[in-house]
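Q: The structure follows.
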Amino acid sequence: MAPDDGSGQDTLRCPCGSGDLFRSCCGPLLDGAPAPTAERLMRSRYTAFARGDVRHLQATWHPSTRPATIDVDDGLVWRRLAILDRVAGGPFDREGVVEFAASWQQGTERGVLRERSRFVREGRSWLYVDGDVS
Ligand SMILES: [Zn+2]
């Protein structure tokens with residue numbers, strides 16, 4: 001959970017930084033709606049990390065690379081997401097790449113995770129395959 005979300009679900013800005021409300025951005029995806037693009041899936045997975053939604057992370061991870069267990073560190077706060085690059089990943093593509101920078105804070109430590117992630121579309125669903133951390 002983001003530290004500034006004390007205002008309740010109805011007015012909560014989406015953690016992914018889109019500027020939209022959570023309920024009209026990543027909320028439906030976390031509830032199981034298919035992501036229309038690889039970037040939307042990537043954003044929803046960031047939001048799932050930020051909210052500790054392990055179920056969504058598992059559901060959107062390709063079976064060939066999905067870890068047996070996913071640990072979400074409660075002490076880690078995801079503060080900001082920036083999309084740096086995207087290749088394909090549209091509604092009519094089969095594959096997509098999204099590069100992002102995710103800023104985190106743990107106690108007094110801060111850092112940025114930068115990853116170039118690969119996604120594939122199977123039917124209506126985009127799935128995360130793997131990524132290169134830089
Ligand atoms: Zn969102």
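The values are calculated or read from the model by the stated rules, or taken from the named source; none is laboratory data. A quick note: this is a predicted structure, and the numbers were derived from the prediction, not measured. Cβ coordinates were reconstructed from backbone atoms using ideal geometry, including for glycine residues, and neighbour counts include every protein chain displayed. Side chains are part of the model used for accessible areas, which takes the heavy atoms of the whole protein and leaves out ligands, DNA and RNA. Shrake-Rupley method; radii C 1.70, N 1.55, O 1.52, S 1.80 Å.
Q: How long is the gain from Val77 to Glu109 if the chain were fully straight, where each residue apart is worth 0.36 nm and the alpha carbon distance is subtracted?
A: 10.5 nm
Q: OK, next. Just tell me the longest site-free run in the chain, where the sites are trypsin sites (Lys or Arg not before Pro) in a DSSP loop having at most 12 other beta-carbon atoms within 10 Å.
A: That would be 1-93.
Q: From Cα pairs below 8 angstrom and at least 6 apart in sequence, can you work out the relative contact order of the chain, rounded to a whole percent?
A: 21 percent
Q: What span do the alpha-carbon atoms of the stretch 9-133 cover on each of the three principal axes, reported in whole Å from largest to smallest?
A: 42, 33, 29
Q: Ignoring ligands, DNA and RNA, what accessible area per residue does the chain give at 1.4 Å, in Å²?
A: 56 Å²
Q: Short version: ³J(HN,Hα) in whole Hz for each residue of the stretch 101-111, in order, from phi by Karplus 6.51 cos²θ - 1.76 cosθ + 1.60 (θ = phi - 60°), x for Gly and Pro, what are they?
A: Those phi angles translate into 10, 10, 8, 10, 9, 9, x, 9, 8, 10, x Hz.
Q: Something else now. With everything on Cα atoms, drop me the angle between helix 38-51 and the longest principal axis of the chain, reported from 0 to 90° to the nearest 10.
A: 30 degrees
Q: What chymotrypsin sites (Phe, Trp or Tyr not before Pro) does the stretch 32-100 have in DSSP loop regions with at most 15 other beta carbons within 10 Å?
A: In loop regions of the stretch 32-100 (DSSP not H, G, I, E or B), the sparsely surrounded chymotrypsin sites (Phe, Trp or Tyr not before Pro) are Phe92.
Q: A further question follows. Using alpha carbon centroids, what distance separates the stretch 64-91 and the stretch 20-57, in Å?
A: Between the Cα centres of the stretch 64-91 and the stretch 20-57 lies a distance of 10 Å.
Q: Give me the accessible area of Thr11, 1.4 Å probe, in Å² rounded to the nearest 10.
A: Counting only protein heavy atoms, the figure is 80 Å².
Q: State the percentage of accessible surface on the chain attributable to carbon and sulfur atoms; use a 1.4 Å probe and exclude ligands, DNA and RNA.
A: That fraction is 49 percent.
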